[in-house]
Amino acid sequence: MRRKLIGLLAVAAAAVAALGVVPGPAAHAVPVPGINRTFLVDEVNIRSGPWLDRPSHGLGYRGHQVYVRCKALGQTIEGDFRWFGLTDNTTGVSGYSWHRYVDLGWEFNLPDC
């Protein structure tokens, strides 16, 4: 009986190997795609949240490459309340910046932050 079980396990392992299925860790969530763009102006505050009273983590400058990961509704500036969650790839600083400072427009295909 034991030999039969070992034989069945060997056949099953060979079948799995033939299919290219390799046991491993559980699948992770797929990251949400973002968009790479640049800042349009100098000294853009990258804040901890989409409001002017949130602390600034750092500044972005014209031409810095930024990875825009999501969109957020925040404090209104000049009648506009749209912000981006982003990372300045040049400095590594992450946070939120008002969307008009980024060369992107308002991308509705971005996920909400």
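Miscellaneous remarks
- One residue stands out among those in segment 71-83 that are open to solvent by less than 30 Å² (accessible area, probe 1.4 Å) and touching a Gly at 6+ places or on another chain (Cβ under 8 Å): the one that is modelled with the lowest pLDDT, which is Lys71.
- Hits in segment 63-81 (condition: part of a strand (DSSP E or B), of a type outside the set (A, V, I, L, M) and over 18 Å from the mean Cα position of the chain (by Cα)): Gly74, Gln75, Thr76, Asp80, Phe81
- Among the residues of segment 36-55, those identified as crowded, with 16+ Cβ neighbours inside 10 Å and either touching a residue at least 60 places away in the same chain (Cβ under 8 Å) or not in a loop (DSSP other than H, G, I, E, B) (or both) are Arg37, Thr38, Phe39, Val44, Asn45, Ile46, Arg47, Pro50.
- Test: Val68 is open to solvent by less than 50 Å² (accessible area, probe 1.4 Å), β-branched (Val, Ile, Thr) and in contact with a Gly (Cβ under 8 Å, 6 or more places away or on another chain): yes
- Restricting attention to segment 92-109 and to residues that are at pLDDT 95 or above and of a type in the set (S, T, N, Q), the residue that is farthest from Val41 (Cα to Cα) turns out to be Ser94.
- Those residues of segment 82-99 which are in a strand (DSSP E or B) and among the aliphatic types (A, V, I, L, M), in sequence order: Leu86
- Qualifying positions in segment 12-35 - at pLDDT 50 or above and outside any loop (DSSP other than H, G, I, E, B): Ile35
The values are calculated or read from the model by the stated rules, or taken from the named source; none is laboratory data. Since the model is a prediction, treat every value here as computed from it, not as a measurement. Quick reminder, even Gly has a Cβ in these numbers, built from the backbone with ideal geometry, and neighbours come from all protein chains shown. Keep in mind that these areas ignore ligands, DNA and RNA; they rest on the heavy atoms of the full protein, side chains included. Shrake-Rupley method; radii C 1.70, N 1.55, O 1.52, S 1.80 Å.
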